[in-house]
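The values are calculated or read from the model by the stated rules, or taken from the named source; none is laboratory data. All figures in this text were calculated on a predicted structure; none of them were measured in a lab. All Cβ positions, even for glycine, are placed from backbone atoms using ideal geometry, and neighbour counts span all protein chains on display. Just so you know, the surface numbers come from the protein's heavy atoms only, side chains and all, with ligands and any DNA or RNA stripped out. Shrake-Rupley method; radii C 1.70, N 1.55, O 1.52, S 1.80 Å.
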Amino acid sequence: GELSEEMGRKIAKVWRDRKVRNALKRNRQRIVENAQFFLNKIEAITAQGYQCTDEDLFRVRMRTSGVVEKTLKVCGKQMTFIDVGGQWHERASWAAEAKRCTHILFLTSLADYDVSMEEDRSMNRLTDSLKLFNAIANDKTLKSLPIITFFNKIDVFMSKLADDLSKSGNKLAESQPEYRNCESQPEYR
């Protein structure tokens, strides 16, 4: 259902509470990374007649479940994208879909360096993603397919890393020991 303007005001009031924000920061694994963007503008979003912006659309996250196929025309050429869910229980379906592919697009969220897997809280999401990439890259049945890798959510990554480093912490080094000497915010250009 839709949220009323009154509900938007109530949500905004809770969101502005410093104690709520601090609690969410401490437990950021439980809140999706785009929540802050939408909560910061909840009153505008719930206002009557609100029109979503391009950035709103860009910030929406939808988890893939099962196999989703989309065909697009790009530069006059028809391309079919097959999106398979990344959760552990979804991975069994990948082999059948790979037979129809000419390329593999592998997306990895850099922002997940401090987030654990839903399926196994002891497993770090970025570590799991890197292990999965290694398995795909070394799979004999996929050897002939080019792999294009995208590291996304760099904006969220930079914000989280800066926050970690400002608190004399380094969760990136905890999850990825090769970055142990990362003591300053990396430059992003």
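Check off (1) surrounded by fewer than 11 Cβ atoms within 10 Å (Cβ to Cβ); (2) within 30 Å of ILE42 (Cα to Cα); (3) in contact with a Leu (Cβ under 6 Å, 6 or more places away or on another chain) for ILE148 and give me the number that stays unchecked.
Failed condition: (2).
For the condition assigned to a loop (DSSP other than H, G, I, E, B), under 21 Å from the mean Cα position of the chain (by Cα) and either at positive phi or of a type outside the set (A, V, I, L, M, F, W, C) (or both), what is the one hit in GLU90, GLU118, GLU69?
Answer to the check: GLU118.
I'd like to know if region 125-136 contains one or more residues that are part of a strand (DSSP E or B) and open to solvent by less than 70 Å² (accessible area, probe 1.4 Å).
no
From (1) open to solvent by 100 Å² or more (accessible area, probe 1.4 Å); (2) among the polar types (S, T, N, Q); (3) part of a loop (DSSP other than H, G, I, E, B), pick out the condition that doesn't hold for THR64.
Looking at each condition in turn, THR64 falls short on (1).
Give all pairs with beta carbons closer than 7 Å in which a residue from region 163-175 that is more than 19 Å from GLU33 (Cα to Cα) meets a residue that is exposed (fewer than 14 other Cβ atoms within 10 Å of the Cβ) and modelled with pLDDT under 70; count only pairs at least 6 apart in sequence or on separate chains.
Note: pairs meeting the criteria are ALA173/ARG180.
Which residues, counting only those in region 67-96, are of a type in the set (A, V, I, L, M, F, W, C) and open to solvent by 80 Å² or more (accessible area, probe 1.4 Å)?
The answer is LEU72, CYS75, TRP88, ALA92.
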